[in-house]
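Novice: Got a structure for you, written out below as C-alpha cells; questions coming shortly.
Here, each number is a calculation from the coordinates, and none is a lab measurement. In this text, all values refer to a predicted model and were calculated from it rather than measured experimentally. Backbone-built Cβ (ideal geometry, glycine too); neighbour counts: all protein chains shown.
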C-alpha cells in the first residue's frame, strides 16, 4: 500500500508505504513500513521508494571529483577543506615522487584545487589525488557554494543546464560533486553565472526551472536567446496539434522536451544510481545517503557522467596554459566577483510580534 | 493558530487562569529555516515563549571529547537570553540550563541516524529569547525542526509537551503561572510515530492514576504539535 | 580553521580596487537594514535589527542598585554582548571572547560618550539608589559588521525602554510598576564601520569582505555631528586622509541610519 505520490514533499518519520515496496535511499524500513528519514522529494521507481533530500552535507565517495581548499600543511601531506564533515588529505606522493620538497612551495594554504577522491576508509578518512586529466590548482575565478544535493540539477541532463550557463556567460565552469563550483570569465559574467547558479539551487525542487534559467540568463546578459524563434514556431505547431488532436501534448514543444526532463533531473540521476546500487540496497535497506554520482568510469553514458567528461575537458583546456598565471590573460582593469550567499529576508518581520 | 484537542473527558471543568480548557494547548507557531549561517534553524512561538534553534553539522570535530569512532556526537546547548525572564538572568550556563541541555540531547538522540556520520559533531543551539513556561519542551520541538531543516537523517521528529496538575486537575501544557503554582509538572517528549517516550521528568506530586492520565494527555499534546512541526517544514519548501 | 581561499581574496580585492563590490553595492552603501522594536515583552525595551543577514536582538532590563562611588549622582548603563554559537560556525560556546567584549565596549562607549541618556535623571538617592540599565546584545546571525547593527539595535532598544516610575515618598522609594516612563533621552548617536580592502575603504563590510579586510574603522557620531566613539581594528595602518574621508561619509550616513530609529 502506498501512501504518497511521486515528487511529494515529505518529512523525517513520515510513513511512505507499507508492505510490498523496497526502501531506497533517504528512507528506512521499520517492520512493514517504509518511512522517510529526511526532508525531501519522493521518487518512486517500480517498487522502490526513495527520498531525495533537499538539504544535505557532502559525504565523500571514492571516484568523486571535488573542489577543495588547502587549510593545513603537514609533514608529507596537505589538509583540505572539501565542504564536508570530513576533511581531505592530499599525500605529497600524489604530487611529486619520492624526492623531498617543501610542500608549501607547491601548494600553499588558501589554494583551491580540483581533485579526485581516491579512497574513503571506514572511519571516513578521505584520501585525495591529483592524478588525472584536468585535476590541479585553479587560478583566478570565483567560487560559488551550493547544497551538494543540487549538483545534478545544476548540471542538468547531459550537461544541458551548465552548458547553457557557459554558453551565455562565456565562463569556464567546473562543478565539484561536493557543491563547490568554480567560475571564471569576465568579472560581470562571473557574477551573472553566480546569480544563476544560486537561483538553480534555490529552485531546484520546482518545475519549469530550465525555462526560467534561460529567461534570466537572457535578461542578465542582455542577449537574445536563440531558441526564442524556435520556440514560437514550435509553439504554433503545437497549437495546431492541439486543435487537431484536441489534447495538448505534455511538453510545450519538442525543443524543450529534453529540458523539461531536467526538471526531474535529480530524480533521473537518482534512478541511474539506484539501478547501479540495487544489490547493495537490498543488503542494506537503510538510507542510502550518498547522492549524486557520476563515476569516472562513465562508459554507460548516463547523463552526469558525460557532463563530467566534458567538465574535465574544460579543465584540460584551462590547465594546458595553467603554468602561465591565468590572471594575466585577463586585462588588469577587469573586475571579479566572489562567492556569497544570496541575501534574502528569511525572517518574517512580524514574527516576533505577538 | 490555536489547537484544540476536542476529545471529551469527564474531568470537572474548572477553568484555568488563562481560560483554556484542561486539554488545550497555547497558540503555537513554528517557522523553519530562519537563519543565514546555520545549517538548519527553526523559530517557535508557543504562548509567550519565543525560541530560536540553530543546528550546525554534521561537521568535523576537533575536540576528542566530542568524537565517537562509529557515529556522530550530539552537543546541545540550551541558553536563556538575559532579557528572556522577569528578572535579568546572568549570561552563561547555570545548573538548570546544563541539566536541560543534557536531557534535551538525550531526548533527541534516539531519533537521529548517528551512525551515518562517524567522528562527526552535530551542534544544537537552543536560545530562549522569551520564556513563559515550558521552554525545555518548546526547545526540543523546535530543535527537531532545525535538525530536519539541516538535512540530518532521522527516524522521526521528536516532539515535546508538558502536562501537570493544577488545582487538583490534570491539565495540558502548563503556563508559567501554572508551572509555579501548580502541584506537578510533567514534561514529556516522544517519537510520534512509535509513541516511544524519549524525555520524561516530573516535578511535584502525582499518584499512579494521575500520572498515567498526565502522560496520556502529554502524549496527545505531542501528537498535535507534531503536525505543526511537519507543516513548518513543508511550508518552507512547499511554495 | 577558516581560511579564505586565495582566489576569493583576489577576486574581491580586484573588484573593490575597481570601485565595485561583490554584492553590487557602492563603496559607501549599506546593505538592506530592518529594525523593529518591542519584540520581547519581558524586556523593558527591545529591538531586533538586521543589516544584511547579520541579526541581533537587543534587550534592556532595569533594576535599582548602588551607583559607582566616584559618580554617586548618576545612573548606570551596563552593556553586555554574547556572540552566540548559533550565529556562526566559528563561534564556540563559552565565556565572551575578545571580539565579543570589544563589541560590547565599543557599543557602550558610543552610548555613554554621546551622553544620549541623561544619567543624572536616573539617580533616585545620591550615593545610594540609582537605576541600572542593562543592555544585552544577543547576536543571532553573523554576516559581517556587527558593530553598526549592535549600536543601532542598542539605541533603538533604549528608545523603546520603559521603566517603572520611581518617586521618593517620606524618604522611601515607591516604585509604581503600573506607570512606566521612557528613559530620559537627549541626543542620539549611531555608528558607521568601514573596512579597508585593497586600496579602498568600504562602508558596512559584508562577511566575505570582513574576512579579508586589512583594517577596520568604526566611527560613532551624534546627531549634531560630534564624534563620540572611535575604534580601529586590524593590524594594518590607515592614513589620515582615509580616516578623514571616512568621518565625512559618517556625517552623511548617520543621518540616513537615524531614519530607521523609532
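Novice: Would you list C:167, C:79 from fewest to most Cβ contacts within 10 Å? Each step should come with its number before you reach the end.
Specialist: Working: C:167 11, C:79 23.
Ranking C:167, C:79 by Cβ neighbours within 10 Å, fewest first, gives C:167, C:79.
Novice: What FRET efficiency do you get for residue A:32 and residue B:106 if R0 is 25 Å and r is their Cβ-Cβ distance, rounded to the nearest 0.05? Please list the in-between numbers first.
Specialist: Working: r = 29 Å, r/R0 = 1.17.
With a Förster radius of 25 Å, E is 0.30.
Novice: Neighbouring Cβ atoms within 10 Å as the yardstick, rank A:19, B:156, A:108 fewest first. Present the calculation step by step, with values, prior to reporting the outcome.
Specialist: Numbers: A:19 9, B:156 25, A:108 13.
Fewest to most other Cβ atoms nearby, the residues stand as A:19, A:108, B:156.
Novice: Count, for each residue of A:33-45, the Cβ atoms from other chains sitting within 10 Å of its Cβ, then give me the mean as a whole number.
Specialist: 4
Novice: Return one number: the angle in degrees, 0 to 90 and rounded to the nearest 10, between the long axis of the Cα atoms of helix C:6-17 and the longest principal axis of the Cα atoms of chain C.
Specialist: Computed tilt is about 80 degrees.
Novice: In addition: Using only the Cα atoms of the range C:1-136, what semi-axes does the equivalent ellipsoid have when each is the square root of 5 times a gyration tensor eigenvalue? Give whole Å, largest first. Please report the intermediate quantities before stating the final value.
Specialist: Working: eigenvalues 286, 58, 48 Å².
Ellipsoid semi-axes (Å, largest first): 38, 17, 16.
Novice: Now for a separate question. Counting just the Cα atoms, what span does the range A:1-109 cover along each of its three principal axes? Round to the nearest Å and put the largest first.
Specialist: Dimensions of the range A:1-109 along the principal axes of its Cα atoms: 64, 21, 21 Å.
Novice: Taking beta carbons within 10 Å but only from partner chains, what does the mean come to for residues B:80-90? Kindly include the intermediate steps, with their values, before the conclusion.
Specialist: Numbers: counts 0, 11, 11, 16, 7, 3, 3, 3, 13, 2, 1.
Taking the mean over all residues of the peptide, I get 6.
Novice: Still on this structure, I have one more. Per the Kirkwood definition applied to all pairs of different Cα atoms, how many angstroms is the hydrodynamic radius of the range B:32-138? Don't skip to the answer; put the middle values down first.
Specialist: On the way: mean 1/r = 0.0685 Å⁻¹.
Result for the range B:32-138, one decimal place: 14.6 Å.
Novice: Turning to a different aspect of this structure: Enter the angle in degrees (range 0 to 90, nearest 10) between the Cα long axis of helix B:135-149 and the first principal axis of the Cα atoms of chain B, meaning the one along which they spread out most.
Specialist: 40 degrees
Novice: Another question about this same structure. Would you list the P(r) distribution for the range C:132-245, with all Cα-Cα distances sorted into 10 Å bins from 0 and each bin expressed as a whole %?
Specialist: Pairs per bin, as whole percents: 12, 33, 26, 16, 8, 5, 0.
Novice: Rounded to a whole number, what is D in µm²/s for the range C:6-258 from Stokes-Einstein with the Kirkwood radius over alpha-carbon pairs (37 °C, 0.692 mPa s)? Walk me through the intermediate numbers first.
Specialist: On the way: Rh = 19.1 Å.
In µm²/s, the coefficient rounds to 172.
Novice: So what is the relative contact order of chain B, in percent, for Cα pairs below 8 Å that sit 6 or more residues apart?
Specialist: Values: 551 pairs, mean separation 50.4, N = 239.
RCO, chain B: 21 percent.
Novice: Next up: Of all beta bridges DSSP finds with both residues in chain C, what is the antiparallel percent, to the nearest 5? Show your work: numbers first, answer last.
Specialist: Numbers: 52 of 60 bridges.
Expressed as a percentage, antiparallel bridges in chain C total about 85.
Novice: Given contacts defined as C-alpha pairs under 8 Å and at least six residues apart, what's the relative contact order of chain C, whole-number percent? Before the final figure, lay out each step's value.
Specialist: Working: 573 pairs, mean separation 54.4, N = 262.
Relative contact order for chain C comes out at 21 percent.
Novice: Sticking with this one: If neighbour count is taken as other Cβ atoms inside 10 Å, put A:174, B:55 in order from fewest to most. Display every interim value, and only then the final one.
Specialist: Values: A:174 22, B:55 28.
Listing A:174, B:55 from fewest to most nearby Cβ atoms yields A:174, B:55.
Novice: Could you work out how far apart the two model spin labels at residue C:235 and residue C:26 are, taking each label as a point 7 Å from the Cα in the direction of the beta carbon, and quote it in nm?
Specialist: 3.5 nm
Novice: Any chance you could give the angle, 0 to 90 degrees and rounded to 10, that helix B:95-108 forms with the longest Cα principal axis of chain B?
Specialist: Roughly 80 degrees, rounded to the nearest 10.
Novice: Compute the distribution of all C-alpha to C-alpha distances in the range A:57-137, in bins of 10 Å from 0, and list the percent of pairs in each, rounded to whole numbers.
Specialist: Taking all Cα pairs of the range A:57-137, the binned fractions are 20, 57, 22, 1 percent.
Novice: Considering the convex hull of the alpha carbon atoms of chain B, report its projected area averaged over all viewing directions, in nm², one decimal. Write out the running numbers ahead of the final one.
Specialist: Details: hull surface 54.1 nm².
Across all orientations, chain B yields a mean hull projection of 13.5 nm².
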